[in-house]
Amino acid sequence: MDRRVWLGIVLLVTTVACSDGVSPEAEAKQQSIVAVREWSTTLQWEDCAGGLECASFDVPFDYENPKLGTFTLPVTRHLANQQSERIGTLLINPGGPGAAALDFVAYADQIFSKSLIDQFDIVAWDPRGVGQSDPHIDCVDSMDDYFGLDPSPDDATETNQLVTGAGVFASACMTRSGDFLPYVSTVDAASDMDVLRRALNEDTISYLGFSYGTKLGATWATLFPETVRAAVLDAAIDPSKGYIDDLILQASGFESSLNAFFAKCDTSPCSFMKVGESAKDAFDRIMLSLDKQPIGNDDRIAINQGVAQTGIAGTLYGDSQWPLLEDALSAADLGDGQPLLILFDEYFGRNSTGQMDDSIDAYFGITCLDRDQNVTTKQVLNLTDRLKAVAPRLGAGWIQEMLICANWKVAPRGGVAMSAKTDNRLVVVGSTGDAATPLEGTRNMVIALGNARLVISPLEQHTTYGSDKCVTKIVDEYLLTLSDGPDVTTC
């Protein structure tokens, strides 16, 4: 969820204000766009499961040096049910970074409104390095060795274990995926979208992106504004903050959602609370117990604070997950750590056979490359007090995350300065109870884009299209008719 300013490529501009000529920086930007436009590909569609169509397309590691190698990116399409009323193509991205996208099309009937499915070809592709992309980012076979460590070390030994573990994780990524890790930035992925648009024979195209997909979509709209028919950014990231400030904002958001869970438990006592205890006190008691005496596990890692905090974070994306959090805390209080371990595994995409998807591997590959700055291990550890101030119960987890990027072997590349000069205004959606992309940051996305309207949902969850009827109605009408509305709409 990081915001970057990469000087190598921003808007396609043909003039420079208050200048007698084109600056070297502006010329480089233009050349980058030209290099993307010089690359073309075709799509050979085949029938695949569920009545869908499947294809793939190739893109270069580096558009300005295409001999370095290529990614082959899979594409899935759900043709509009009513071809006579077809409006065009709707590209979709579920977020991440690192989340595979193809299943979004397979479940289109459950995710999108009937009117969209009737009138749009719904198209998803796995971005470079992600999912079924060839090659794709792969770092480790298990997250246990690093994320099973204590994220809030109590002494020098535990601190050294955390630092060493981060270095081992980052080195494993270089060993397995180092050849192409410099080429998986959001700017690269947004450039691939223009290649895909042209392969689909669309002069302009529509887009619906969720979470990190809002960063990808905003980057695309910034780079290729003339190709944007419509774009919806649901649960938008904050483009105004750098790497550190953005993650601290996110930590604050998760802490706020945890506090909302506590407030619910204090109103209607939850099962993990003892008589006379507040929800916060009960939570602290259980977490302290896991820190002092982790729950043993013969087959896997012990359930400690690291496992617990990761599992807990996964339940804070929406209040529909709060019953799972309550049950897991109750079980842990009784000495059963399996529910927390299950939540931990779900967060990392580990299935019943013990195999993991590579979504978290891809997350770090893209996130660490998109940073706007290098951050050292010492600088990360020095953020401990700042994180405790905004997220006293969960903040340590962000230290654990940032230590991996502090050990990353590929230099940060940054991103674009968002500014979408599109013909039609973009629609940006945020919710008051979003842990992962707090509303404050979503508001900043609207400001940065300059040509966007904001729709606010009151739900306690991350992404609201399909859950909030008001949001869904506004988004559908906009995508179908290009309708405009107030600068801010509160559902």
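Each principal axis of the Cα cloud of the stretch 225-373 was taken in turn, and the coordinate range along them, longest first, works out to 61, 38, 30 Å. Note that the stretch 107-148 carries a Kirkwood radius of 13.5 Å, evaluated over its alpha carbons pair by pair. Taking the number of Cβ atoms within 10 Å of each Cβ as an exposure proxy, the fewest-first ranking of D434, D266, D319 is D266, D319, D434. Applying a threshold of 27 Å to the alpha-carbon distances of K264/K473; K378/K409; K215/K469 flags K264/K473 as lying beyond it. With the gyration tensor restricted to C-alpha atoms of the stretch 55-132, the semi-axes of the equivalent ellipsoid amount to 28, 14, 9 Å, longest first.
So what's the net charge close to I248: Lys and Arg +1, Asp and Glu -1, counting the other residues with Cβ under 10 Å from its Cβ?
Values: positive: K241, R386; negative: D245, D246.
That works out to 0.
Length, then width, then depth: along the principal axes, the Cα atoms of the chain run 66, 50, 45 Å. Each Lys or Arg adds one and each Asp or Glu subtracts one; over the other residues with Cβ under 13 Å from the Cβ of Q44, this totals -3. Think of each Lys and Arg Cβ as +1 and each Asp and Glu Cβ as -1; about the Cα centre, that makes the dipole of the chain roughly 1000 debye. Listed peptides 421-432, 459-470, 76-87 appear in the order 421-432, 459-470, 76-87 once ranked by packing, highest mean of other Cβ atoms within 10 Å at the front.
Relative to its Kirkwood radius, the Cα radius of gyration of the stretch 364-460 gives an Rg/Rh of 1.05. In the stretch 171-257, the convex hull through the Cα atoms has an average projected area of 7.7 nm², a quarter of its surface area. Model label points for A389 and T377, set 7 angstrom from Cα along the Cα-to-Cβ axis, are 2.6 nm apart.
Simple rule: put +1 on each Lys or Arg Cβ and -1 on each Asp or Glu Cβ in the stretch 84-210, find the dipole, and look at A189, C139, S84; the Cα lying farthest toward the positive end is S84. Under a 5 Å amide H cut-off, with hydrogens placed 1.01 Å from N, N81 pairs with D118, Q119, F120 among residues at least 5 apart or on other chains.
What is the sum of charges around V380, taking Lys and Arg as +1, Asp and Glu as -1, for the other residues whose C-beta is under 13 Å from the C-beta of V380? Residues near V380 contribute +1 overall.
Dividing the C-alpha radius of gyration of the stretch 335-417 by 2.2 N^0.38 Å, with N its residue count, gives 1.32. What the phi angles of the stretch 134-147 give under the Karplus curve with 6.51, -1.76 and 1.60, with θ = phi - 60°, is a coupling list of 10, x, 10, 6, 9, 10, 9, 8, 8, 8, 4, 5, 9, 7 Hz, glycine and proline written as x.
Considering only the chain, what is the antiparallel percent among its DSSP beta bridges, to the nearest 5?
Restricted to the chain, the bridges split so that about 40 percent are antiparallel.
Cβ crowding within 10 Å, taken as a proxy for footprinting-reagent exposure, orders L43, L149 from fewest neighbours to most as L43, L149.
Residues D299, D179, ranked from the fewest to the most other C-beta atoms within 10 Å, line up as D299, D179. Entry note, the stretch 103-242: relative contact order of 16 percent, from Cα contacts under 8 Å with a spacing of 6+ residues. From the largest down, the stretch 197-300 spans 64, 38, 26 angstrom on the principal axes of its Cα atoms.
A short reminder: the numbers here are calculations on the coordinates, not readings from a lab. Small disclaimer: the values here were computed from a predicted structure and weren't measured. No Cβ is skipped: glycine too gets one built from the backbone with ideal geometry, and neighbour counts run over all protein chains shown.
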